[in-house]
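For reference, the structure is listed below as C-alpha cells.
Please treat every number below as a calculation from the coordinates, not as lab data. These numbers were taken from a predicted model, which means no experiment stands behind them. For neighbour counting, all protein chains shown are included, and Cβ atoms are generated from backbone atoms with ideal geometry for every residue, glycine included.
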Amino acid sequence: MIKILKQQNELQPWLWVQKYHDCFHGYAASRLNDSQAAEDVVQETFLAGIKFADSFRGNSLESTWLSSILRNKTVDVIRKRGRQKSSQPASDEGEVNSFSEDQCRHVIGASFAVSPSKAMADTEVLDLVRDAVAHLPKKQADVFRLYELDPLEPEEVCDRLDISRGNLWVRLRRARVGLANHVSDKLAHAETPEPITA
C-alpha cells in the first residue's frame, strides 16, 4: 500500500506537456496578454519542474506544484515588464484575452443560468469584460488580473509586482474606473432593437 501511495506522488515529466500545456498556456496568456510570452513561461515552468524535481515532496498534487511554479514565472515576467523603461507602446501582436468564465464571473459578480437566452447574454458580458480588460493600461491590467482574477492577497500582489500598497490601491481603482468607463461606453453605443408594433 505504501509503495502505491509513493508511486502516486512521483513526478511524471514525460506527461506534462500532454496533461498541462493547454491549461497552463491559457493561464499565462490571460495574464501576459501575449501568446508567445505565455508559451515561453510554460516551457520555463516545465524546465524548472525537471530541474527542481528533487524538491517535490509529494505533499501536494503534481499539478498544484507545477501551477505554483507557473504562477511565479508569470509574475516574474509581469514584474520584469513593469521595470522596463520603454516609451514604446506594446504591440497588439499575439494579444490574448482568454481568462476563464469563472474568473469573469468573479469579477462581475454575475450568477449564470443555463437558459439559452441567459447563456447568450452571459457570453456577451464575458466578451465585454475581456474587451475592457484588454483596453486597460498594462500596469493597471496586471494589478487587476492578480488581485481580482487570481485572486491574491494585497501583500502578495505588492511583492510580486514590486510596488507599494498605496500604488496597488491607486492602480486597482484606476483599473476599475477604466473598466466601468469602457463598459459604459460600449453599452451606450450598442444598438437598441426597435420595439415590435402590431
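Sorted fewest first by neighbouring Cβ atoms within 10 angstrom, Phe46, Phe24 come out as Phe46, Phe24. In terms of packing, defined here as the mean over residues of other Cβ atoms within 10 angstrom, the peptides 26-37, 130-141 line up highest first as 26-37, 130-141.
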